[in-house]
Amino acid sequence: MARVNPNYSKLKAGYLFPEIGRRVRAYQVAHPEQKVIRMGIGDVVLPIPEAVRIAMHQAVDEVGTLSGFRGYGPDLGYDFLREAIAKEYVSRGAQVHADEIFVSDGSKCDTGNIQELFAFDATIALTDPVYPVYVDTNVMAGRTGELGDNGQYAGLEYLPMNAANGFVPPLPKTSPEVIYLCSPNNPTGTVMTRAELTEWVNYAQKNKSIILFDSAYEAYIQDPSLPRSIYEIPGARKVAIEFRSFSKTAGFTGIRCAYTVIPLELEGVGPDGAPVSMHALWNRRHGTKFNGVSYPVQRGAEAVFSPEGKEQVRAMVGYYLENARLMRNGLIEMGFEVFGGTNAPYIWLKTPQGVDSWAFFDKLLQSVQVVGTPGAGFGPSGEGYFRLSAFALRETVHEALSRMSTQFKKK
Ligand SMILES: *Cc1c(COP(=O)(O)O)cnc(C)c1O
């Protein structure tokens, strides 16, 4: 029989969202009359912006003609989209060139696949709690030992984020080669300031680390003093790869389009000790394992940067942020300690004293039929916290808050 990759057996059984699904289904079978409100998984609910829809329609018609037909597109994405993205970066004071942008079908794949570029025994640091993709893809690749009783995989450096440190990850102690950061953060909803991010860039320069910066939620930053890209920080082009996605920005979770920026001057080191261009490696990888995002989707993504597209995206982001504001206020009113939700679509709340995050999940599900995400599912430091997503219709937010207020009262 074919031997399988042994690293897969190290993965924690019952990945977070399947386990949530299992508990919700079990509850629904026992209580078919109850209407469950889902504020757990980070999927958007509003339809794609009109400008995107129009552009995609036009592109579909175009490829239906002999002269407009397109087959395989360029490996790294069409120039029209890469140039629109670069222009947007430059307009915000970040120096990014079109030829440093790789268009892809999602940041989940990109943040999951990027680890292929690093040595099999490269040292990794990541925040805790964290987007599980970063951890699990390194486990699959064999870069860790087993999962310990403390909820941590041996061989990874976990950077704890909690209320005590304001959810600002402490600098690593082990001088890791690779560091994953995500801001605005999923799951905590907190955002790194310019000073904090500058400290990380300086650290990476000093330690010759590479930062993998996930800014899937940059569109939610309203405070102009907060950085939306790591390339707004001087020196970042030499130490950082940035991942962005149209998923949460423009409602593309089902349409699929994202991009990764690898500056031309970013270098790792090869087996012979000579510097290696990370851009060249990812170019090689992308060209070998990926065949591009469909033309209509790239035209749709381009429309996100048109004046109409920008306006429509602003309105959509504003809608979710208003949800987040209502949720924050409502939860504070109920006596919860809440974090995030001002420049991010996630609310991270402290569970009541003595109630762990899965117990709180079960309590919410059973008492008011509201589904959120237990913090422990994002890493051991997530224990004692709970994530609620603002990706919902307004009436759903009102209903969830009204149900919760029957159970939770400010002391
Ligand atoms: C949603 C999300 C993404 C985007 O994933 P896509 O594959 O582009 O839909 C990336 N990173 C984080 C942290 C996310 O929450």
- request: Starting from residues that are without any contact (Cβ under 8 Å) to a residue 60 or more places away in the chain and not in a loop (DSSP other than H, G, I, E, B), keep the ones in segment 342-363 and report whichever is farthest from the chain's Cα centre (by Cα).
  value: K363
Among residues of segment 379-400, those that are surrounded by 19 or more Cβ atoms within 10 Å (Cβ to Cβ), of a type in the set (A, V, I, L, M) and either over 19 Å from the mean Cα position of the chain (by Cα) or outside any strand (DSSP E or B) (or both), counted: 4
message: Quick check on G300: is it in contact (Cβ under 8 Å) with a residue 24 or more places away in the chain and either of a type in the set (G, A, S) or assigned by TED's automatic domain parsing to the domain that holds N343 (or both)?
response: yes
Residue check, V168 among the β-branched types (V, I, T) and either touching a strand residue (DSSP E or B) at 6+ places or on another chain (Cβ under 9 Å) or within 16 Å of the ligand (Cβ to nearest atom) (or both): no
Top-ranked residue of segment 90-128 - restricted to ones that are within 11 Å of the ligand (Cβ to nearest atom) and assigned to a loop (DSSP other than H, G, I, E, B), ranked as nearest to the chain's Cα centre (by Cα): G106
statement: Residues of segment 68-102 being of a type in the set (S, T, Y) and open to solvent by 50 Å² or more (accessible area, probe 1.4 Å), in sequence order, are Y72, S91
task: Name, by its number, the condition in (1) among the aliphatic types (A, V, I, L, M); (2) open to solvent by 60 Å² or more (accessible area, probe 1.4 Å); (3) within 15 Å of the ligand (Cβ to nearest atom) that does not hold for V269.
output: (3)
- request: State whether the residues of segment 136-158 include one that is within 16 Å of the ligand (Cβ to nearest atom), open to solvent by 10 Å² or more (accessible area, probe 1.4 Å) and touching a residue at least 40 places away in the same chain (Cβ under 8 Å).
  value: yes
task: Could you tell me whether segment 215-222 includes any residue that is more than 16 Å from the ligand (Cβ to nearest atom), among the polar types (S, T, N, Q) and in the same structural domain as A258 (by TED's automatic domain parsing)?
output: yes
- prompt: Out of all the residues in segment 57-67, is one or more within 16 Å of the ligand (Cβ to nearest atom) and either surrounded by 14 or more Cβ atoms within 10 Å (Cβ to Cβ) or within 18 Å of F305 (Cβ to Cβ) (or both)?
  reply: no
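The values are calculated or read from the model by the stated rules, or taken from the named source; none is laboratory data. Everything numeric in this text was worked out from a predicted model, so none of it was measured. Quick reminder, even Gly has a Cβ in these numbers, built from the backbone with ideal geometry, and neighbours come from all protein chains shown. Remember, those area values only see protein heavy atoms, side chains included, never the ligands or the DNA or RNA. Shrake-Rupley method; radii C 1.70, N 1.55, O 1.52, S 1.80 Å.
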